[in-house]
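Scroll down for the structure; my scribbles are underneath it.
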Amino acid sequence: MIRLLVNALAANAGGGITYIRNVLPHLSKRDDVHTAAILTPELRSAITLPQEVTAVECDFPANAAVRFAYEQQTLPGLIRKHNPDVLVSAGNFALWRSPVPQILLSRNSLYTSTDYYGDLRRRREYGRWLDTKAKGALAAASIRRADITVAPSEAFADDLRQWVGPEAAKKIICIHHGFDAAAFHQSSAAPAELSAQLANSEGALRLLFVSNYNYFRNFETLLRALPLIQAKIPDRRVQLVLTCKLGSGQNPSSYRATGAAALRDQLNLGPALVELGRVPYESLHHVYRASDVYVTPAYAETFAHPLIEAMSSGLPVVASNLAVHREICGTAATYFPRFSADALAAEVLRLYANDHLRSTLSEAALDRSRDFSWEKHVTEMLDVARRVAASACPQKL
């Protein structure tokens, strides 16, 4: 029996919530593991927590600096109380003086992205630039403090190894995140409002991009590609479906969507853009099934769960040429230079004109999606946890 304490205080959006929502149930099914999880009340209410997992609720301000200080002061006491063999820190930052061995999950590519820092300078968001630099310094120091750092892709693991230097690089490994196709595609009726929104684009060539609005997902390149695609196929409507809204105060993050909104209006996209807003996870499969092509122009990424969701839905994928995207999708996607709207449009048009290519990519996508499993991820994580615990205290296991 191994006892894990999962610090999930930083799992407050996107991939973090997806990770905790899937990993805790799989841990709960293991007879040889006892799991406790430190959760915010918001996360506790957003997920279905198995009875076998001990919930430790902690409420604190969402500010990252405050959270970091809170964790450094409070977690050692919680660790001693729950007496785990291993601490799993799931939010990029490690506990400086952990009483037990620590596995750090690192999944923020912005700290190492020169494109992101350049983007912030172009937008004159110098405060965010400084904030990211400061958090990046803490994240790098965290990797050096942790016993093992786990990255969700080999491409991101390589970025981290180059970033932190040769000594810390030895402690960085890759374990792919997983996917549960049965849970994702489970039968459920689409909400009436969502069905109505999707019905408005019936008959169109429907492109889909699943993401909250932020800068590193590179929405502007995608918006610029839309009129280029439409100009080449004037006899069929082209629509882009987004799971966010390009308006101030309409997204959960603090990223300002005003520039993207201005570009939307400047290009006169109008009905070519379907802004669904946030779609509940249990309803997302309806959106994928109603789409023709999945597109992502992101310039920074660590894993990208929507790519697996899209491939599992049989969608051909057009992705920016990041090493992470090529690792995750392989031959199930076509790729384009990440800031080229012309190249993005050309790849979509190539798919549109070639039935055989679309069919080939769709079949490859379904096959590739089956390579990702949360059960496999948890098994590999537990293997690492046991090795770390045994090396620190062999008599415990």
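Candidates PRO306, PRO297, PRO234, PRO227: the one that is surrounded by fewer than 18 Cβ atoms within 10 Å (Cβ to Cβ), assigned by TED's automatic domain parsing to the domain that holds LEU344 and touching a residue at least 12 places away in the same chain (Cβ under 8 Å) is PRO227. Listed conditions (1) within 30 Å of ALA64 (Cβ to Cβ); (2) modelled with pLDDT under 95; (3) part of a helix (DSSP H, G or I) are all met by GLY247, apart from (3).
Might you check whether a residue that is in the same structural domain as ASP159 (by TED's automatic domain parsing) and touching a Pro at 6+ places or on another chain (Cβ under 8 Å) occurs anywhere in the range 106-120? Yes: one or more hits. Per the conditions (1) under 21 Å from the mean Cα position of the chain (by Cα); (2) under 19 Å from PHE216 (Cβ atoms); (3) at pLDDT 95 or above, the sole criterion not satisfied by LEU344 is (1).
Pick from the range 1-48 the residues that are of a type in the set (Gly, Ala, Ser) and under 17 Å from PRO84 (Cα atoms): which of them is surrounded by the fewest Cβ atoms within 10 Å (Cβ to Cβ)?
Here is the first cut: in the range 1-48, the ones of a type in the set (Gly, Ala, Ser) are 8, 10-11, 13-16, 28, 36-37, 45-46.
Subsequent filtering for residues that are under 17 Å from PRO84 (Cα atoms) retains 8, 28, 36-37.
Numbers: ALA8: 27, SER28: 15, ALA36: 20, ALA37: 27.
Within the range 1-48, the match that is surrounded by the fewest Cβ atoms within 10 Å (Cβ to Cβ) is SER28.
Suppose we filter PHE156, PHE93 for residues that are surrounded by 23 or more Cβ atoms within 10 Å (Cβ to Cβ), of a type in the set (Phe, Trp, Tyr) and at pLDDT 95 or above; which single one remains? Going through PHE156, PHE93 in turn, the sole match is PHE156. Being assigned to a helix (DSSP H, G or I) and of a type outside the set (Ser, Thr, Tyr) is the requirement here; does GLU193 meet it? It is true that GLU193 is assigned to a helix (DSSP H, G or I) and of a type outside the set (Ser, Thr, Tyr). Surrounded by fewer than 20 Cβ atoms within 10 Å (Cβ to Cβ), at positive phi and not assigned by TED's automatic domain parsing to the domain that holds PHE156: is that true of GLY259 in this structure? Criteria not met by GLY259. Only residues that are within 15 Å of the chain's Cα centre (by Cα), among the aromatic types (Phe, Trp, Tyr) and outside any helix (DSSP H, G or I) were counted in the range 268-309, giving 2.
Checking every residue in the range 109-122 against the condition of being farther than 28 Å from ARG326 by Cα, modelled with pLDDT of 95 or more and within 23 Å of the chain's Cα centre (by Cα) gives zero matches. Only one of the numbered conditions (1) outside the structural domain of THR243 (by TED's automatic domain parsing); (2) of a type in the set (D, E, K, R); (3) touching a Phe, Trp or Tyr at 6+ places or on another chain (Cβ under 8 Å) is violated by ARG338, and that is (1). Being β-branched (Val, Ile, Thr) and part of a helix (DSSP H, G or I) is the filter here; which residues of the range 310-353 pass it? Hits for the range 310-353 are VAL324, ILE328, THR331, VAL348. None of SER391, SER320, SER359 is closer than 30 Å to LEU105 by Cα, surrounded by fewer than 17 Cβ atoms within 10 Å (Cβ to Cβ) and not acidic (Asp, Glu) except SER391. Restricting the range 198-222 to residues that are at pLDDT below 90 and in a helix (DSSP H, G or I) leaves a set whose member that is surrounded by the fewest Cβ atoms within 10 Å (Cβ to Cβ) is ALA199.
The values are calculated or read from the model by the stated rules, or taken from the named source; none is laboratory data. Every value quoted in this text rests on a predicted model; they were computed, and no experiment measured them. Heads up, the Cβs are rebuilt from the backbone with ideal geometry, glycines too, and the neighbour counts pull from every protein chain shown.
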